[in-house]
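All of the numbers you see were taken from the coordinates with simple rules; none came from a lab. Predicted, not measured: the structure shown is a model, and the values here were computed from it. As a convention, Cβ positions derive from the backbone with ideal geometry for all residues, glycine included, and neighbour counts pool all protein chains shown.
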Amino acid sequence: MTGIEDFLHHQSEIIDRVGWAVTAVHPHADDTDHHAPFAYTVGLTAHNHPELLVAGLDPAISQHLLNDLAARVYDRAERFTHGQRIGDLIAGYDAVVIDGTPTAQLHPGAAIARYGQQVRVQQVVWPDPEGRFPWDAGYAYPPSAQPTLRRP
């Protein structure tokens, strides 16, 4: 098997066992466009749910957040709506869910390779320390720190 075949086989085993897998995308060291890391689920599409995505956080943190939310979707049939605030995901802060379509910066390639263009995406957006989001005036980080699929 090639590297990608091994990756897809391992991912399939996780999806079969858990219901989804989390894939992290790390920017290359020579990335001159300053792309942020991001992570996304793969497997929720097979159950007619959007895949979930988090951008700009450490991959281990993103994996934890995505596994929490994916379990709510997969195990409890919880649905998230565009603009919904989630108050029990990040201690002391709300996160906001936004619907969107993949972009060049936030492209869930493994999900699209597996399920094609039927993949829908919901991004979980985190606030700065003052509770502001990327679309709010005074957001503490540059836009490249947490690219978004769109505004709520």
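Brief remarks follow.
- Structure-derived Cα extents along the principal axes in Å: which label, when the choices are (i) 44, 27, 27; (ii) 58, 32, 21; (iii) 48, 41, 26: (iii)
- Highest to lowest packing among 114-121, 86-93, scored as the average C-beta count within 10 Å: 114-121, 86-93
- C-alpha long axis of helix 59-76 to longest principal axis of the chain, angle in °: 70 degrees
- Helices in the chain, meaning DSSP H runs of at least 4 residues, each add -39500 (n - 2.57). Divided by all residues, the mean residue ellipticity at 222 nm is -8500 deg cm²/dmol.
- Computed from point charges on the beta carbon alone (+1 for Lys and Arg, -1 for Asp and Glu), the dipole magnitude for the chain about its Cα centre is near 520 Debye.
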